[in-house]
Amino acid sequence: MSRTVKVACQNLWLLFGHKPADFLKSQHYAPSDEALAQAGMVAAVRDVSLDVYEGEILVVMGLSGSGKSTLIRCLTRLIEPSAGQIMFDGSDLLAASSRELTDIRRHKMGMVFQHFGLLPHRTVLDNIAFPLELQGIDRPTRLNKARELIETVGLGGREDDFPRQLSGGQQQRVGIARSLVDEPEVWFLDEPFSALDPLIRREMQDEFLRLQAKLNKTIVFVSHDFDEAVRLGNRIAIMKDGRVSQIGTAEELVTAPANDYVEQFVRHAPKARLITVQKIMTPFDGHEQISGAILQTDLLQDIATRVISADQALPVTDPEGRVVGHVDKEQLARVLF
């Protein structure tokens, strides 16, 4: 089944230095590390190509300095890339005029950053309505929309409070509501929960997943926390030194890392929560139908006790009940331990 690409970039570069676009052209857009160093260039984003599909959450992650936050700013043109292409709904975002870009940001993009950026002299209601005020929307209309979002993010009864009267988690909810007030098609979030205490962070992740189930946005979410990425993301892009090392589901990253860096990055991932039976079973083509077997889509954590307790390999079926393989305790142990 084909999927609609909502946002894409091709061969995206961001260099800091003297005339980076000319330098990249002279290097045929493939400079070596030595050439970059000799030219005094610092590469923040290096030849990144990726697609973001409609309705998915793509988590971009990596260590500090890996380029993940810079990449998201390039995708929104908050920073101008040195070379490459950015497509938004099939149109070249880098070819958009200032007026067109402003219109896209106001009506099609929502952005949330680690620092809440709330206006301290405005109430919760006015903070949320502020983007609509900039668009010239009349006050009754924008406040009605803001009130709807206050309920959506669970801040009912706090509309007349000022930011100083709210907890960190509540302030972040205001920031989230403000980013949604003009109903963006794509939502960019740059480590929005990293400044929060662990318990509040978990609650905000729950809230985020609830909102996504209701709104079905296309989301690019930057994080440095693999557990958070696993919990929130449909796919994960791991960055290192400005490059994307690998993009895939959490299961794909854990079972088939593209290089040593990705392997080290996911080494302590909770494999039992990520890997399905299909990845470890011995497959075969069968037509027999049975009941009570293990499903190929079951997670290892859900079938581990049954497999370990069994005297022999257990059959594995597809969703239609056809036997497609078997799994035993040795296969389970080899993957988990």
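The values are calculated or read from the model by the stated rules, or taken from the named source; none is laboratory data. Treat the numbers as computed from the prediction; the structure is a model and nothing was measured. Please note: Cβ atoms are built from the backbone with ideal geometry, for glycine as well, and neighbour counts cover all protein chains shown.
When both residues are 6+ apart or on different chains and their Cβ atoms are under 7 Å apart, which pairs have a first residue that lies in the stretch 161-180 and is closer than 22 Å to Ile219 by Cα, and a second that is of a type in the set (D, E, K, R) and at pLDDT 90 or above?
Gln170/Arg158
Considering every residue within the stretch 155-176, establish whether at least one is touching a strand residue (DSSP E or B) at 6+ places or on another chain (Cβ under 9 Å), in a loop (DSSP other than H, G, I, E, B) and crowded, with 17+ Cβ neighbours inside 10 Å.
No; the residues of the stretch 155-176 include none that is touching a strand residue (DSSP E or B) at 6+ places or on another chain (Cβ under 9 Å), in a loop (DSSP other than H, G, I, E, B) and crowded, with 17+ Cβ neighbours inside 10 Å.
Looking at the stretch 234-275, what helices (runs of 4 or more DSSP H) fall wholly within it and have at least 1 residues that are in contact with a Lys or Arg (Cβ under 7 Å, 6 or more places away or on another chain) and under 14 Å from Gly62 (Cα atoms)?
260-265
Please enumerate the residues belonging to the stretch 316-337 that are surrounded by fewer than 17 Cβ atoms within 10 Å (Cβ to Cβ) and more than 26 Å from His268 (Cα to Cα).
Result: Asp318, Pro319, Glu320, Gly321, Arg322.
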